[in-house]
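*Asks:* First the structure, which I've put down as structure tokens, then a few questions once you've had a look.
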Amino acid sequence: MLPQSHSREWLFCLLAVCLLAACGGEATPIKLSGATMGTTWHLSYTTPENDAPAPEFMRGGIEERLEAINQSMSTYRPDSEISRFNALGAGIWFASSADFSRVLATALKIGQESEGSYDVTVAPLVDLWGFGAKGMVSETPADEDIQSVMGRVGQQYIRLNEEGSAVLKERALAVDFSSLAKGYAVDLLAQWLLAQGVERFMLEVGGEMRVSGLSARGDPWRIAVEQPESSARSIAERLNLTDIAVATSGDYRNYFEVDGRRYSHLIDPRTGYPVAHDLVSVTVLHPQCMIADAWATALTVLGAERAMAVAQAQGLAVYFIRNVDGKFVHSHTPKFSRYMSETQP
């Protein structure tokens, strides 16, 4: 399974309520679910009755593709493609699969476009702060330990050849795709669903989601952005979506406290420390779930002011929630407005 750098299972729980409300009259959707990547997947789809793929066939196809992604990108499997690459020494070209190279290329691109707030080599810092596979820590790391680990972080030391068939690291680094592999899984599965003639569906893997066509009621899918409260669940914004992916990142349910200070699971790869600002939730809409997934992380790390500027420069549809003196302050990029059920002035 892939490590969970984001705690997003809560997102689907809330979204499912809205989706059920949108599935009322026209047809009864077929619903499938299962476990993968240390989390869960869910699919709700509607097809003409005389042309519906058997649920058993659909489940088998989904699980086969999820297994292939796990075998390529799970750092929990010692024989996975990513584990073999991470174990390789510096200066050696590694023959990579098309999936591996595609995800890595996207990660490197977003790292460049996000002012370095996103870095696919940040895993050693995540482990140091107790949010990785090595488990929780009882105290904050010393400054000298952070600086030492920073020497093993930096996507600029990763090389991907022009054909996208081989990868090289110039120093001892390890990559971790947990911040975009679930989004990539959603993209691959969505392509497969469309190839099977399934054009109306809601697909979710670990909180990353894509909707296609119309809901069973015949209107756009009604999706909710959750209010970022650690002890309750309520709706911050309702969205009307079709043919698009959605990903949300936040730091309000995955953190630890030491001496009354809260430390977020989101580590800024530029400093080595958890983010410490008032931006608590970022939702990104994009045609590709992998890109929405990675940008949700990158923008959360940036903080509200830079995140808004970068999101607009990149032409992204993004919804931000800040916690200012205990009150939630909402904002969004102009491109996001078209998806809101009640457009704000």
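*Asks:* Hey, among the residues in segment 34-51 that are surrounded by 15 or more Cβ atoms within 10 Å (Cβ to Cβ) and not polar (S, T, N, Q), which one's nearest to residue 198 (Cα to Cα)?
*Replies:* Result: 45.
*Asks:* Can I ask one more? Between 280, 310, 301, which is hydrophobic (A, V, I, L, M, F, W, C) and more than 25 Å from residue 102 (Cα to Cα)?
*Replies:* 280
*Asks:* Starting from residues that are free of Cβ contacts under 8 Å to residues at least 40 places away in the same chain and small (Gly, Ala, Ser), keep the ones in segment 214-238 and report whichever is surrounded by the most Cβ atoms within 10 Å (Cβ to Cβ).
*Replies:* The selected residue is 230.
*Asks:* Could you list, in sequence order, the residues of segment 144-170 that are of a type in the set (A, V, I, L, M) and either modelled with pLDDT under 95 or assigned to a helix (DSSP H, G or I) (or both)?
*Replies:* 146, 149, 150
*Asks:* Just to be sure I understand, how many residues within segment 260-301 are aliphatic (A, V, I, L, M), in contact with an Asp or Glu (Cβ under 7 Å, 6 or more places away or on another chain) and either under 15 Å from residue 248 (Cα atoms) or free of Cβ contacts under 8 Å to residues at least 24 places away in the same chain (or both)? Show your work before the answer.
*Replies:* Kept after step one, since they are aliphatic (A, V, I, L, M), are these residues of segment 260-301: 266-267, 275-276, 279-280, 282, 284-285, 290-292, 294, 296, 298-299, 301.
Right, trim to in contact with an Asp or Glu (Cβ under 7 Å, 6 or more places away or on another chain) and you get 266, 275, 280, 290, 301.
Checking which are either under 15 Å from residue 248 (Cα atoms) or free of Cβ contacts under 8 Å to residues at least 24 places away in the same chain (or both) leaves us with 266, 280, 290, 301.
Going through segment 260-301 one residue at a time, the tally reaches 4.
*Asks:* Inside segment 173-195, can you point out the residues that are under 25 Å from residue 296 (Cα atoms) and without any contact (Cβ under 8 Å) to a residue 40 or more places away in the chain?
*Replies:* The answer is 191, and nothing else.
*Asks:* Being without any contact (Cβ under 8 Å) to a residue 12 or more places away in the chain and acidic (Asp, Glu) narrows it down to one residue among 170, 163, 204, 199; which is it?
*Replies:* 163
Rundown of residues vs (1) touching a Gly at 6+ places or on another chain (Cβ under 6 Å); (2) farther than 30 Å from residue 43 by Cβ, yes/no style:
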site	(1), (2)
67	no, no
72	no, no
96	no, no
119	yes, yes
130	no, yes
136	yes, yes
159	no, yes
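*Asks:* Checking residue 80 against (1) closer than 30 Å to residue 273 by Cβ; (2) touching a residue at least 60 places away in the same chain (Cβ under 8 Å); (3) surrounded by 16 or more Cβ atoms within 10 Å (Cβ to Cβ), which single condition isn't satisfied?
*Replies:* Going through (1) closer than 30 Å to residue 273 by Cβ; (2) touching a residue at least 60 places away in the same chain (Cβ under 8 Å); (3) surrounded by 16 or more Cβ atoms within 10 Å (Cβ to Cβ) one by one, residue 80 breaks only (2).
*Asks:* So how many residues does segment 297-327 have that are of a type in the set (Gly, Ala, Ser) and in contact with a Lys or Arg (Cβ under 7 Å, 6 or more places away or on another chain)?
*Replies:* Within segment 297-327, the first condition is being of a type in the set (Gly, Ala, Ser), and the residues that meet it are 298, 303-304, 307, 309, 311, 313, 315, 317, 326.
Going one step further and asking which of them are in contact with a Lys or Arg (Cβ under 7 Å, 6 or more places away or on another chain), we end up with 304, 315, 317.
So the answer is 3.
*Asks:* While we're looking at this one, here's another question. Considering only segment 195-294, give the strands (runs of 3 or more DSSP E) lying wholly within it that have at least 3 residues that are closer than 30 Å to residue 152 by Cα and at pLDDT 90 or above.
*Replies:* Once the strands (runs of 3 or more DSSP E) in segment 195-294 are filtered for at least 3 residues that are closer than 30 Å to residue 152 by Cα and at pLDDT 90 or above, what remains is 244-250, 279-286.
*Asks:* Restricting to segment 169-191, give me the number of residues that are crowded, with 16+ Cβ neighbours inside 10 Å, within 30 Å of residue 61 (Cα to Cα) and not β-branched (Val, Ile, Thr).
*Replies:* Going through segment 169-191 one residue at a time, the tally reaches 14.
*Asks:* If we keep just the residues of segment 117-168 that are within 30 Å of residue 311 (Cβ to Cβ) and basic (Lys, Arg), which is surrounded by the most Cβ atoms within 10 Å (Cβ to Cβ)?
*Replies:* If we take residues in segment 117-168 being within 30 Å of residue 311 (Cβ to Cβ) and basic (Lys, Arg), then 152 is surrounded by the most Cβ atoms within 10 Å (Cβ to Cβ).
The values are calculated or read from the model by the stated rules, or taken from the named source; none is laboratory data. Because the structure is predicted, anything quoted here is derived from the model rather than measured. A quick note on method: Cβ atoms are made from the backbone with ideal geometry, for glycine too, and the neighbour counts reach across all protein chains shown.
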